[in-house]
Amino acid sequence: VVVIGGGDTGSDCVGTSNRHGAATVTQFELLPMPPDPENNPVWPYWPTRLRTSSSHEEGAERDWSVATKAFIGENGRVKALRAVKLGWQDGKPVEIAGSEFEVPADLVLLAMGFVSPVQSVLDALGVARDARGNAKAATEGAGCYATSVPKVFTAGDMRRGQSLVVWAIREGRQAARAGDEFL
């Protein structure tokens, strides 16, 4: 299993993968490895503090400053990821020449991005956004979870913004119901 994202959700994915019997778990984080918690003040640096959860202690290879470039597969199944190491210049990621590598993967879990949805996806579909950059959709009444684009529905973090996974699960079920009613 490869988990893309180093935050709390990524940690949960690591633990769940281990508990479900994954042979190996690798976790990639886009950002550089944070400093040792013993040498890093707690506030206001909490988001940049190295944290190792009980899930990590169950077992995972963690790698920092990694960007995924491609999913490699066949017959609709992922077999590996192509990735590259990153350097940082002026606070921006820069690919390190010659650092591309592949890692085997039977399952990839995306646990990334504590910001609004990828805007290029919403742009490509022409989906209207709310004031925070999320896909705009009502959650009640006729047409709930439907975006401004016919036949395109949204739920969870894509609609409400960053939140707990239980909200994403609930909204995913409700959006599926709304899609079923539409059909």
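The values are calculated or read from the model by the stated rules, or taken from the named source; none is laboratory data. If you're wondering where the values come from, they're calculated on a predicted model, not measured in any experiment. All Cβ positions, glycine included, derive from the backbone under ideal geometry; neighbour counts span all protein chains shown. Side chains are part of the model used for accessible areas, which takes the heavy atoms of the whole protein and leaves out ligands, DNA and RNA. Shrake-Rupley method; radii C 1.70, N 1.55, O 1.52, S 1.80 Å.
Within the stretch 52-77, the set of residues being within 24 Å of Asp8 (Cβ to Cβ), in a strand (DSSP E or B) and not aromatic (Phe, Trp, Tyr) comprises Glu61, Arg62, Asp63, Val66, Ala67, Thr68.
Residue by residue through the stretch 46-86, note down the ones that are touching a Pro at 6+ places or on another chain (Cβ under 8 Å) and within 18 Å of Val25 (Cα to Cα). If you could, list the steps in order and put the result at the bottom.
Initially, the stretch 46-86 is screened for residues touching a Pro at 6+ places or on another chain (Cβ under 8 Å), giving 48-51, 64-65, 67, 79-80, 86.
Passing the criteria: Arg51, Trp64, Ser65, Ala67, Lys79, Ala80.
If you go through the stretch 139-175 and keep only what is part of a loop (DSSP other than H, G, I, E, B) and closer than 29 Å to Cys13 by Cα, you end up with Thr139, Tyr145, Thr147, Val152, Thr154, Ala155, Gly156, Gly161, Gln162, Ser163, Leu164. For Gly76, the stated conditions do not hold, so it cannot be described as among the small types (Gly, Ala, Ser), in contact (Cβ under 8 Å) with a residue 24 or more places away in the chain, loosely packed, with under 15 Cβ neighbours inside 10 Å and more than 29 Å from Arg160 (Cβ to Cβ). Residue count for the stretch 42-51 under the criterion of being more than 11 Å from Gly6 (Cβ to Cβ), open to solvent by 70 Å² or more (accessible area, probe 1.4 Å) and either modelled with pLDDT of 70 or more or assigned to a loop (DSSP other than H, G, I, E, B) (or both): the result is 4. Cys13 meets all of the listed conditions (1) at pLDDT 90 or above; (2) of a type in the set (A, V, I, L, M, F, W, C); (3) touching a strand residue (DSSP E or B) at 6+ places or on another chain (Cβ under 9 Å) but one, namely (1). So is Leu107 surrounded by 13 or more Cβ atoms within 10 Å (Cβ to Cβ), over 18 Å from Leu30 (Cα atoms) and at pLDDT 90 or above or not? Spelling it out, Leu107 is indeed surrounded by 13 or more Cβ atoms within 10 Å (Cβ to Cβ), over 18 Å from Leu30 (Cα atoms) and at pLDDT 90 or above.
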